[in-house]
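Below you'll find the structure, written out as structure tokens, and then a few comments.
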Amino acid sequence: MSTILELNSVVMDFEIGVFGRKKRVRAVDHVSLKILEGEIYGLVGESGSGKSTLGKVSLRLYKPVKGKVIYKGNDITKMPERTLRPLRSEMQLIPQDPYGAINPVQTIGEAVAEPLITHYRIDKSEAMERVYKSLEEVGLIPVEDFVKRRPRELSGGQLQRAVIARTMILRPKYVVADEPTSNLDASIRTSIIQLLLEFKRKHNQAILFITHDIVLLSLVANRIGVMYLAQLIEEGHVESIVKDPLHPYTKALLSAIPLVSEEMGLEKVYLRGEIGDPANPPRGCRLHPRCPFMLEKCSKEEPPLVEVEGSRFVKCWLYFK
Amino acid sequence: MKEVLEVSDLWIKYYTLSGVVHAVSGASFQLGKGEMVAVVGESGSGKSTLGYALLNMVPKPGKIVRGQVLLDGVDILKLGPEELRRIRGSKVSMIFQDPFTTLDPLRKLGTQFEEFLIEHGVERAKARAMVKEFLVAVGLPERAMHSYPHQLSGGQKQRVSIAMAVALNPVVMVADEPTTALDVIVQRQIMDLIDDIRKRVGTSVVLITHDLALALERADTIMVMYGGYVMERADKKRLLANMIHPYTKALFESLPRMSQKRMPKFLPGYPPDLRNPPSGCIFHPRCAFAQEKCRSVAPVLNEIARNHFVACHLAGGEQ
Amino acid sequence: MKLEIVKSPYFLAGLTIISIFILMALLADVISPYSPVEGVGPPLQPPSPRYLVGTDNLGRDMLSRIIHGSRIMLTIVMIAVCLSGMVGTIIGLISGYVGGVLDRILSFVMDSIYAFPPLILAIALSVALGPSPLNAAIAIAVVYIPTYFRMVRGQVLSIKNELFIEMARALGIPSTRIVLRHILPHLTQTLMVVFSMNSADAILTEAALSFMGLTVQPPTPDWGFDLYKGRGFILAGAWWMLVFPGIMITLLALGFALISEGVSKSASRG
């Protein structure tokens, strides 16, 4: 299977604050990864890890400060918006918050039709046929009714379905799902995830599934990448990560979820303190102030991302030989 | 062992413009020293309302219409406002999902904490010392007293809430979804802190949560609520070994489990409208095993094994 | 929301006043008892059944002058407001959305104009362009362009960061469409408020310019110019030459101010 999206040592900085007090925050620090056609790559991390930013960089919604974003072999890092626009129909985003994702002044029908109208220059009536089909696909029935409604008249779950309909109407090949169910009631999460999996299956889509919920990823992803404070610290196939996590942070993540570590018979690892300040991360290994296995080297030098057993990567001095 | 908290036959209703909401219907449980009971339910189950009742703080238009809440032998539902003010924070305290509810964003933490202690009769010098002592005890640096709430992370704010909630050594602390808004690793730290307090000081905890997994991991006793009624109540080990009520089982099935490679199954349907609840068993519209009797007669909580109570006709829950 | 505006008493009162004035302007020839530019009676007559608002120093009927005066006033103000509205909004949209150096330059220019005391700027521009109704309209327009610019730009900056705008970009929707279809519709309410407030201001500015003789030439009837004339005859006791043009200016400005109040009140509720 070929690579559909590649991130090559990508760096993304933001400036926050006002006037005299500006701070530069590095949200993504030299992250490289490859996503294969048709695979689900789960990106897990806590808030402040940079996972959402990474997702948006991969769609070129932000221009990275350093590094390359390569889509289907094309370097899109610095591509001008005009050239990029046709490619955008193949690379889409499903956001966390369905409530803000559709312009409140549009009807659902208008919103779902819009990508068709702008990309394929077809007129509204022709588009409407495809819009109807799309709404049916996501389960917003009766279609005639939903087409006329406005975002505020829909529930969270229904809105997310509408957003998915709008996104999928372009038949993208690469989808970034940024915490697509975190803002929804637990009871509807399953149906939304199943909807996404349906589309993925039917159209052989690659999905970058971003979430803080590693248990969810263990059920849907093929490979997992773990992020901590703007860096990718572990990567591997989902079964091996979940059965045998290597990085102390990954171990701590699994230890922290109720019932999981007992279930899986994993070693319990606890971290002190809290995630550091992204504007001023710790020297050396970013986890070192909290890590129970800290070595002296960890506070001085940043470990490289090394390959351990086929296709498993860890960024930790404990595994550097 | 003498129970520090005894709740008997508690009924709470909200008298709203659109009708009477039957928020809590006949809840009962006991809590011993240093124990934790988890009140588990979805939104609308009545668990939060129950939590407020433990401080006799049910917000208007709510009213406790029946029942007793014995805190160390004293029925707090019969106390006057001045007595209530004295015991809140000192004999029974509460922490919330959003620590902002307890913390004033415009004042330094140290100052707020001190004022809280002084209001409960601690003299200023001692209060200042206690503030330092408790902030450190919950894992914060001393200098946190000079910070404002917005300068702290979610986890740190919650630690401050906990410090204030246990500083006066209450017998019971009510924790309403204390970790829901926090990152996973910090959630564990906060729950560990609460466990630590239980062990060292003997504070009993009422944990209100929607997360059955969290309850199964931490609590001694688990009480599952639905639509204001108690469906099942048992000590943790017994419940893990043998879940009886269909709702408890459904709740358990809805937990995502790594060991079983499948998406969790959710109960179809919606929670009941508590202004117009269904007849008979409140759960019957969504119950896969509902029978004729379930639609007409409400089951009572029945002890089907030692320390295991179930309200279900199929488990012999008949009057 | 749109229906709520109509229910606001302020809005309705304002709309009524404006409508009366517009009707007055449109039907001026029909409802004026006399010609506004010819002397039809003895000069400086106080209000009487024959000359309801009296006559001016040249014996012209003040009522007819006042009725016709609405034409000039409304024309100049409408041109000015439409001009500044369109230009200000377009520049504001572009500057806010594109950002960067262009935004900084435009903001600087607009802030400079805005910093100028508006009346003095209007007078200066009017004089520079040469006194005429059209030039007065242009001068007034220029003075108010920054108001629209700032308001539009401010809103664009805040809407730009909304999720649905980011989604639109992600969907590959071209910038022009995003600005026109996704941002502009959210501005309509605020634009209505600024538009009406602006009109009220423009009326007072036009009156001032007319007062200084920078708009019309005599004998064209104009409230501001008649005010100027009226000053000279106050000592002669001809209060009607001053009071009635003044009332007209005030009422018309009030009408727009009421509309603005009505819209902004329902905006904050809705």
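Tabulated data for the structure shown
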{"read-out": "Residue check, B:Phe96 modelled with pLDDT of 90 or more, among the aromatic types (Phe, Trp, Tyr) and farther than 22 Å from B:His22 by Cβ", "value": "yes"}
{"read-out": "The lone exception for C:Pro218 - which of (1) surrounded by fewer than 19 Cβ atoms within 10 Å (Cβ to Cβ); (2) more than 14 Å from chain A (Cβ to nearest Cβ); (3) in a helix (DSSP H, G or I) it fails", "value": "(3)"}
{"read-out": "Matching residues in region C:20-61 - criterion: being touching an Asp or Glu at 6+ places or on another chain (Cβ under 6 Å) and aliphatic (A, V, I, L, M)", "value": "C:Val40"}
{"read-out": "The one condition in (1) under 28 Å from the mean Cα position of the chain (by Cα); (2) more than 30 Å from B:Val69 (Cα to Cα); (3) surrounded by 13 or more Cβ atoms within 10 Å (Cβ to Cβ) that B:Pro105 fails to fulfil", "value": "(3)"}
{"read-out": "For C:Gly130: the one exception among (1) at pLDDT below 90; (2) in contact with a helix residue (DSSP H, G or I) (Cβ under 9 Å, 6 or more places away or on another chain)", "value": "(2)"}
{"read-out": "Pairs where the first residue, in region A:116-128, is of a type in the set (S, T, N, Q) and the second is surrounded by 15 or more Cβ atoms within 10 Å (Cβ to Cβ), C-beta under 6 Å, 6+ apart", "value": "A:Thr118/C:Ile173"}
{"read-out": "Residue satisfying all of: in region B:236-264; more than 11 Å from every other protein chain (Cβ to nearest Cβ), free of Cβ contacts under 8 Å to residues at least 12 places away in the same chain and surrounded by fewer than 17 Cβ atoms within 10 Å (Cβ to Cβ); nearest to B:Val21 (Cα to Cα) among these", "value": "B:Lys249"}
{"read-out": "Tabulated pairs, region C:242-266, first surrounded by 19 or more Cβ atoms within 10 Å (Cβ to Cβ), second part of a helix (DSSP H, G or I) and among the polar types (S, T, N, Q), C-beta under 7 angstrom, 6+ apart or interchain", "value": "C:Phe256/C:Ser196; C:Phe256/C:Ser199; C:Ile259/C:Ser196; C:Ser260/C:Ser196; C:Val263/C:Gln189; C:Val263/C:Ser196"}
{"read-out": "Of all residues in region A:21-52 being outside any strand (DSSP E or B) and crowded, with 24+ Cβ neighbours inside 10 Å, the one that is farthest from the other protein chains (Cβ to nearest Cβ)", "value": "A:Gly50"}
{"read-out": "Positions within region A:129-155 being of a type in the set (Lys, Arg) and without any contact (Cβ under 8 Å) to a residue 24 or more places away in the chain, in sequence order", "value": "A:Lys133"}
{"read-out": "Selection count where residues are closer than 13 Å to A:Tyr249 by Cα and surrounded by 20 or more Cβ atoms within 10 Å (Cβ to Cβ), scope region A:291-316", "value": "4"}
{"read-out": "Wholly within region C:77-181, helices (runs of 4 or more DSSP H) carrying at least 1 residues that are away from chain A (no Cβ under 14 Å)", "value": "C:100-115, C:118-129, C:133-160"}
{"read-out": "Conditions (1) in contact (Cβ under 8 Å) with a residue 12 or more places away in the chain; (2) facing chain B (nearest Cβ under 10 Å); (3) more than 20 Å from A:Leu33 (Cα to Cα); (4) surrounded by fewer than 20 Cβ atoms within 10 Å (Cβ to Cβ): number failed by A:His212", "value": "(3)"}
{"read-out": "Selected residue (criterion: farthest from the other protein chains (Cβ to nearest Cβ)) from residues of region A:169-198 that are of a type in the set (Val, Ile, Thr) and touching a residue at least 60 places away in the same chain (Cβ under 8 Å)", "value": "A:Val175"}
{"read-out": "Count of residues meeting criterion [touching a strand residue (DSSP E or B) at 6+ places or on another chain (Cβ under 9 Å) and either within 23 Å of B:Asp192 (Cβ to Cβ) or in a helix (DSSP H, G or I) (or both)] in region B:216-233", "value": "7"}
{"read-out": "Hits in region B:127-146 (condition: more than 14 Å from chain A (Cβ to nearest Cβ), crowded, with 16+ Cβ neighbours inside 10 Å and within 16 Å of A:Glu274 (Cβ to Cβ))", "value": "B:Leu135"}
{"read-out": "Test result for B:Asp183, in contact with a helix residue (DSSP H, G or I) (Cβ under 8 Å, 6 or more places away or on another chain), acidic (Asp, Glu) and within 13 Å of another protein chain (Cβ to nearest Cβ)", "value": "yes"}
{"read-out": "Region A:76-113 - residue that is more than 26 Å from A:Ile210 (Cα to Cα) and charged (D, E, K, R) and, of those, farthest from the chain's Cα centre (by Cα)", "value": "A:Glu110"}
{"read-out": "Test: residue in region A:123-146 that is of a type in the set (S, T, N, Q) and either within 14 Å of chain C (Cβ to nearest Cβ) or surrounded by 21 or more Cβ atoms within 10 Å (Cβ to Cβ) (or both)", "value": "yes"}
{"read-out": "Some residue of region A:53-75 being part of a loop (DSSP other than H, G, I, E, B), without any contact (Cβ under 8 Å) to a residue 12 or more places away in the chain and within 12 Å of chain C (Cβ to nearest Cβ)", "value": "no"}
{"read-out": "Cβ-Cβ under 9 Å pairs, at least 6 apart or on other chains, region C:182-193 side in contact (Cβ under 8 Å) with a residue 24 or more places away in the chain and under 16 Å from C:Arg150 (Cβ atoms), far side part of a helix (DSSP H, G or I) and aromatic (Phe, Trp, Tyr)", "value": "C:Ile183/C:Tyr97; C:Leu191/C:Tyr148"}
{"read-out": "Index of the failed condition, A:Pro95 passing every other in (1) free of Cβ contacts under 8 Å to residues at least 24 places away in the same chain; (2) facing chain C (nearest Cβ under 8 Å)", "value": "(1)"}
{"read-out": "Condition check for B:Arg233: in contact with a Leu (Cβ under 9 Å, 6 or more places away or on another chain), surrounded by 16 or more Cβ atoms within 10 Å (Cβ to Cβ) and touching a residue at least 40 places away in the same chain (Cβ under 8 Å)", "value": "yes"}
{"read-out": "Single residue of region C:44-95 satisfying the filter (under 17 Å from C:Tyr144 (Cβ atoms) and not aliphatic (A, V, I, L, M)) that is surrounded by the fewest Cβ atoms within 10 Å (Cβ to Cβ)", "value": "C:Cys82"}
{"read-out": "Checklist (1) facing chain C (nearest Cβ under 8 Å); (2) in contact with a strand residue (DSSP E or B) (Cβ under 7 Å, 6 or more places away or on another chain) applied to A:Glu114, failing item", "value": "(2)"}
{"read-out": "Criterion violated by B:Lys157 - all others in (1) within 19 Å of B:Asn56 (Cα to Cα); (2) in contact with a Pro (Cβ under 9 Å, 6 or more places away or on another chain); (3) of a type in the set (Lys, Arg) satisfied", "value": "(1)"}
{"read-out": "Single residue of B:Ser43, B:Ser28 found to be more than 20 Å from B:Met164 (Cα to Cα), polar (S, T, N, Q), surrounded by fewer than 19 Cβ atoms within 10 Å (Cβ to Cβ) and modelled with pLDDT under 90", "value": "B:Ser43"}
{"read-out": "Among residues of region C:36-76, those that are over 30 Å from C:Met192 (Cβ atoms) and either among the hydroxyl-bearing types (Ser, Thr, Tyr) or in a helix (DSSP H, G or I) (or both), counted", "value": "7"}
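The values are calculated or read from the model by the stated rules, or taken from the named source; none is laboratory data. Bear in mind the structure is a predicted one, so any value in this text is a computation, not a measurement. Reconstructed Cβ throughout: ideal geometry from the backbone, glycine too, with neighbour counts over all protein chains shown.
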